[in-house]
């Protein structure tokens with residue numbers, strides 16, 4: 001059974017998607033792992049980092065996106081259901097073992113989900129609250145359950161902010177990885193995330209474990225960076241801070257225009273080399289975390 005891993009920070013612009021797609025690609029390409037990327041963000045940045053817009057448009061027209069799987073779970077009707085394995089795009093970017101569950105720009109939002117559930121609960125507030133919690137607990141788990149055994153790793157790429165899909169993804173995950181910039185606002189996003197995870201653990205709804213925290217865009221850091229990094233290290237411990245830091249690198253930005261990860265487009269670039277080292281360290285930290293967790 002594969003490990004489900006959240007790549008998450010409540011703050012946007014901290015490198016979640018870039019880390020997700022390059023880590024996943026390196027795991028498949030350099031380590032022979034079977035990896036699935038799940039795009040939970042309506043901005044579909046992970047999806048468009050791995051395929052051109054026309055290919056995504058064709059998938060969306062066929063209802064071959066994550067939205068269809070959510071719709072099938074929310075709506076109790078007799079429509080023929082599309083299995084998750086039929087929606088997953090295999091060997092994306094021609095990398096053997098690297099698969100993608102595409103996101104959707106028209107993902108279910110919390111308001112629409114709330115309205116649907118409220119109607120299904122016969123407008124009873126207590127029933128609605130119970131059904132909402134059940135949905136959070138089971139939504140992503142039920143989507144992934146049929147394919148989890150097909151992969152070594154399932155990496156979830158999250159939107160910034162606290163939404164039902166965010167909480168459901170965390171609940172479905174075994175571990176999490178926090179991307180961050182050495183900036184005060186990034187640290188605030190980490191604090192909000194840790195607060196939510198603490199509540200989920202206290203209510204026995206999650207047993208997620210932190211693998212570590214990765215700093216990115218170091219080349220663009222301000223003079224506050226050393227202070228921020230010192231504070232984060234004090235909060236989490238040195239063993240949870242990745243030694244590998246992702247530099248500001250033009251090759252990473254150019255790769256997005258080619259709809260491929262930088263580890264494929266320019267493997268000799270500084271950014272690509274950093275992701276290769278990050279992947280090695282990720283596997284080591286995961287091994288250490290598993291040993292500690294028992």
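Each value in this text was obtained by applying a stated rule to the coordinates, not by laboratory testing. Predicted, not measured: the structure shown is a model, and the values here were computed from it. When we count neighbours, we look across all protein chains shown, and the Cβ atoms used for this are built from the backbone with ideal geometry, even at glycine.
Take the Cα of residue 236, step 7 Å toward its Cβ, do the same at residue 281, and the gap between the two points is 1.0 nm. Label-to-label distance, residue 129 versus residue 205, with points set 7 angstrom from Cα along the beta-carbon direction: 1.2 nm.
Between the Cα long axis of helix 125-144 and the first principal axis of the chain there is an angle of about 60°, rounded to the nearest 10. Legend: calculated FRET efficiency, residue 225 to residue 292, from the Cβ-Cβ distance at R0 = 30 Å, rounded to 0.05, equals 0.55. Averaging the sequence gap over all C-alpha pairs within less than 8 Å and six or more residues apart, then dividing by the number of residues, gives the chain a relative contact order of 27 percent. Counting only alpha carbon atoms, the long axis of helix 110-120 and the longest principal axis of the chain meet at about 20°.
What is the fewest-to-most order of 31, 64 by other Cβ atoms lying within 10 Å of their Cβ?
Details: 31 15, 64 20.
By the 10 Å Cβ count, ascending: 31, 64.
Would you kindly state how much longer the chain becomes between residue 75 and residue 1 on full extension, computed as 0.36 nm times their sequence separation minus their alpha carbon distance, in nm to one decimal?
Details: separation 74, 0.36 × 74 = 26.64 nm, distance 2.84 nm.
So the extension gain works out to 23.8 nm.
The distance from the alpha carbon centre of segment 256-294 to that of segment 164-194 is 19 Å, rounded to a whole number. Helix 225-236 against the longest principal axis of the chain: what's the angle in degrees, Cα atoms only, rounded to the nearest 10? Between the helix axis and the principal axis of the chain, the angle is about 60 degrees. Beta-bridge orientation, the chain: approximately 5 percent antiparallel, per DSSP, counting only bridges with both partners inside. Here the Gaussian network model covers the chain, with springs between Cα atoms less than 10 Å apart; of 49, 217, 26, 217 fluctuates the most.
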